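Taken together, the values in this text are just the output of simple stated rules run on the coordinates, not laboratory data. Model, not experiment: these values are computed from the prediction. Don't worry about glycine lacking a Cβ; one is built from the backbone with ideal geometry, like all the others, and counts go over all protein chains shown.
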Amino acid sequence: MTYPPFTPRVFSGIQPSGGLTLGNYLGAIKRFVNMQNADFETIYCIVDLHAITVWQNPKELTHNTRELCAGFIASGLDPKKSILINQSHVPEHTQLAWVFNCIARVGWMQRMTQFKDKAGKNAQKASLGLFCYPALMAADILIYHATHVPVGEDQKQHLELTRDIAIKFNHDYKIDFFPITEPVIEGTATKVMSLRDGTKKMSKSDPSDLSRINLTDDAETIAKKIRKAKTDSDALPSEPAGMKDRPEAQNLVNIYSALSDQPVETVLRDFGGRQFSDFKPALSELAVSVISPISKEMTNLMSDSAEIDRILTYGAEQAREITEPIMKKTYEITGMIARAR
Ligand code: AQP
């Protein structure tokens with residue numbers, strides 16, 4: 001039996017595991033806004049249940065969840081155009097995750113590089129949640145029958161696993177019920193790197209605040225972080241090929257390109273042959289012009305946390321109109337009897 005046609009539907013999420021970074025903005029949120037405005041049906045999620053796979057201080061988690069919602073809206077997501085939700089408000093995410101835990105294989109999870117990176121040498125002491133996180137991520141996406149998922153480069157492997165889970169479920173139960181989701185990884189900022197090490201991803205949980213730009217940083221802090229960003233001593237090249245083996249140069253140019261919506265070639269045409277001492281102030285000015293209005297609006301929104309909670313509650317009500325029937329059908333397919341009326 002075939003369930004499609006699946007209507008194009010976009011889903012993506014971000015963890016409230018700290019303040020939002022420029023990496024989250026360029027790699028994810030800016031593209032969420034583009035897809036919302038391109039008339040897709042869009043669902044964006046604050047994945048608080050993913051955040052607790054590593055320890056989160058409860059008060060900080062509450063604050064970070066609301067701040068992330070404020071960051072979504074301040075960046076241009078509109079609760080009237082997109083469904084904005086907090087993951088723990090929609091119980092079908094975890095219900096489907098359990099079914100997927102029984103579909104996915106242990107070997108699949110053992111191959112996930114993000115688990116290896118986050119668990120480090122002490123994998124035996126990592127939470128079980130961190131290990132099976134990708135099954136919950138697959139459930140987040142497939143409980144909406146989402147067809148497109150905009151993410152940064154680091155999530156590619158998890159999306160491949162989402163496809164594998166959908167394929168195995170459909171195969172095992174002989175029904176085309178879950179769509180084979182397309183990852184949408186595009187643009188020049190699919191992997192924004194640390195300002196202190198051009199080979200490492202910019203991350204909210206990096207112990208060094210100088211490694212990242214936060215969406216809540218003020219103009220002076222942004223300028224200081226860019227001034228201190230690691231670079232080599234050569235001038236910028238005029239062609240992209242000249243940035244080979246220069247990860248820090250490549251990172252700053254990619255950030256400029258993504259912030260200004262210009263191709264890398266155009267940025268290098270303007271700055272090729274110039275020193276970082278010329279380029280960094282121009283990058284700071286551009287970054288401040290994009291981030292400051294977002295940061296101000298986030299502060300405004302955070303002054304009314306009850307309104308943020310109302311927006312998320314409204315989002316959950318809309319979301320459950322989609323998730324409840326999909327979960328009900330999933331249980332039916334797997335042979336679970338429905339409650340008698
Ligand atoms: N540096 C980045 N460049 C491009 N995209 C990025 N994303 C994250 N960092 C970058 C994208 O943002 C979305 C949400 O990611 P997340 O916060 O849920 O998880 P993460 O990828 O683990 O992000 P962090 O900042 O590294 O969080 P922590 O430190 O808590 O692990 C995803 O689409 C991701 O690709």
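Here are some notes:
- Principal-axis tilt of helix 156-172 within the chain, Cα atoms, nearest 10 degrees: 20
- Taken about its Cα centre, the chain carries a charge dipole of roughly 900 debye when the Cβ of each Lys and Arg holds +1 and the Cβ of each Asp and Glu holds -1.
- Subtracting the Cα-Cα distance of S88 and L128 from their residue separation scaled by 0.36 nm leaves 12.6 nm.
- Reduced Cα scattering model of the stretch 1-104, Debye log10 I(q)/I(0), q = 0.16 Å⁻¹: -0.77
- Dipole of the chain, positive end: most advanced residue of H93, V151, F131 [Cβ charges, Cα centre]: F131
- The calculated FRET efficiency for K296 paired with T62, based on their beta-carbon distance and R0 = 30 Å, is about 0.85.
- Burial ordering of K116, K201, K244, fewest other beta-carbon atoms within 10 Å first: K244, K116, K201
- Placing unit charges on the Cβ atoms of the charged side chains and taking the dipole of the stretch 205-341 about its Cα centre, the candidate lying farthest along the positive direction among F279, P293, T334 is T334.
- Placing dummy labels 7 Å off each Cα toward the beta-carbon, the span from E239 to K80 is 5.1 nm.
- Angle between the chain longest axis and helix 92-101 axis [Cα atoms, degrees, rounded to 10]: 80
- Long-range amide H partners of G13 with built H, under 5 Å: C45
- Between the Cα long axis of helix 58-74 and the first principal axis of the chain there is an angle of about 70°, rounded to the nearest 10.
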